[in-house]
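This report refers to the structure that appears directly beneath it.
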Amino acid sequence: MRRMDDLVVVGAGPYGLSIAAHAAAAGLGVRLLGRPMASWRDHMPVGMYLKSEPWSSNLSAPEGRYTLADYCATRGLSAEHGTPLPIGTFSAYGMWFARRAAPQVEEATVTEVTPQGGGFLVRTAEGPPLLARTVALAVGVMPFVHHPPALRELPPGHYSHSSGHRDLTRFAGREVAVLGAGQAALETATLLAEAGARPCLVARRSRLNWNTVPQPLSRPPLRALREPHSGLGTGWRSWAWSELPWAVRRLPAPTRERIAATALGPAGAWWLRDRFERRVPALLGHHLHRAVAVGERTRLGLTTRSGESVVLDAAHVIAATGFTPDLERLGLLDAGLRASLATVGDGRTPELSPRFESSWPGLFFAGLLTAPSFGPSMRFVHGAGFTAGRLVAGVRKRLGARGPLPDVTGDARHDRAAAGHPKTYLR
């Protein structure tokens, strides 16, 4: 008879690694499937930087161990507030965390998760299927890539998503239209220009938003009270999204959907602004309504807010238009199971318990798909600290574990730091 594991974690990014670390520490029989840090290692251009502060970019392990600052200290690297960190350093940190905090990652591609008996059958492209009592889907963002509808009729070689490029030097000397107004669009366009391409940013917004230089960690008490630091930025609104996901979950579904869709909207990092404005022209307030292949080039039909038509020709179009969480895009999950799940309001994301369990017993979710349940922090690495321990506590409850649970529900050090003492992350 095949062994049945307590928990199979699908996905080995920040959320999957954090969940597996907590599950292993709790004594569960856990299998971790996926390519570790795949989105960060494979889908972000060389030269990118982490937008979040180092102290708010930790993966989660019990007792607050294995932080980004811990990793940097072992390598003689800097992880300082107000200093952007290279994506490559963060990816290497995730790999270091995987070796020390999590069970061994099995680099398998999961193709199917199907209910079987009281548990699940998990099939992979590389080996025999696994049996699991519970499953946690921490699949990251790549299944949810969003392309504007106008691009979808183009031949594949004419357009791509910003997450599809590791090396932008292939566009040197070519005109590239970059669609979007967030950090991915602004930084992709800047890196293209610095690699010798001729980018042009196209955005529906009439103006670009830029984050301000972060305030120092040590400030007068009144100023700190007026504008508290949090894992998602400065100010009480960011603090609420960052530190109170449990409260967001208690809001009405339409309110949660609106918060997930609109809070912490597109903005560029303060350290990118000068590099962008010196090199990249922008067509702001332009709506893309048509895209046509003309030989090997692409012709974009744009409309201004005043109704004027504008035509832009480019050798290639890169859509830096984000990701749309949608259960229907999760093809690895059995179609019947998907259709049966309770969802948040009118959307296509799973309604979840306080411990991240879906309406199908034993099926848990983490990451982007949970944002309409717990708020915008689930779109960022910072949300892994809230998710991992609570999800594992939910798994233990589902399994009927006996005895007191270990303290894996919030990383006490992490919670204290995020609540107003981020200096505990800096060494």
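Below is a table of values for the structure above.
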| item | result |
| --- | --- |
| Whole-number D in µm²/s for the range 210-261 (Stokes-Einstein; Kirkwood sum over Cα pairs; 37 °C, 0.692 mPa s) | 265 µm²/s |
| Sum of -39500 (n - 2.57) over DSSP H runs of 4+, divided by residues of the chain (222 nm, nearest 500) | -8000 deg cm²/dmol |
| Accessible area in square angstrom per residue, the chain, 1.4 angstrom probe | 44 Å² |
| For the range 147-267: Kirkwood Rh in Å [reciprocal of mean 1/r, alpha carbons] | 17.6 Å |
| Antiparallel %, DSSP beta bridges [both residues in the chain], to 5 | 50 percent |
| Fraction of accessible area attributable to carbon and sulfur, the chain (%, probe 1.4 Å) | 53 percent |
| Neighbour net charge for Phe97 - beta-carbon separation under 13 angstrom, K R +1, D E -1 | +2 |
| Within a Gaussian network of the chain (alpha carbon springs, distance under 10 Å), most fluctuating of Thr343, Thr387, Thr370 | Thr343 |
| Calculated over the range 275-414: convex hull of Cα atoms, volume per residue (Å³) | 193 Å³ |
| Using θ = phi - 60° and Karplus 6.51 cos²θ - 1.76 cosθ + 1.60, couplings along the range 128-134 (whole Hz; Gly, Pro as x) | x, x, 10, 10, 9, 6, 9 |
| Estimated dipole of the chain in Debye, rounded to 20 [Cβ of Lys and Arg +1, of Asp and Glu -1, Cα centre] | 600 debye |
| Cα-based equivalent ellipsoid, the range 1-137: semi-axes from gyration tensor eigenvalues, Å | 31, 16, 11 |
| Sorted largest first, extent of the chain alpha carbons per principal axis (Å) | 67, 55, 43 |
| Two-site FRET efficiency, Leu251 against Arg305, from Cβ-Cβ distance with R₀ of 22 Å, rounded to 0.05 | 0.10 |
| Spatial separation of Cα centroids for the range 232-248 and the range 296-347, in angstrom | 28 Å |
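The values are calculated or read from the model by the stated rules, or taken from the named source; none is laboratory data. Computed from a prediction, not measured in an experiment: that's the story for all the values here. Virtual Cβ from ideal backbone geometry, glycine too; neighbours counted across all protein chains shown. Surface areas here come from the heavy atoms of the whole protein model, side chains and all, with no ligands, DNA or RNA. Shrake-Rupley method; radii C 1.70, N 1.55, O 1.52, S 1.80 Å.
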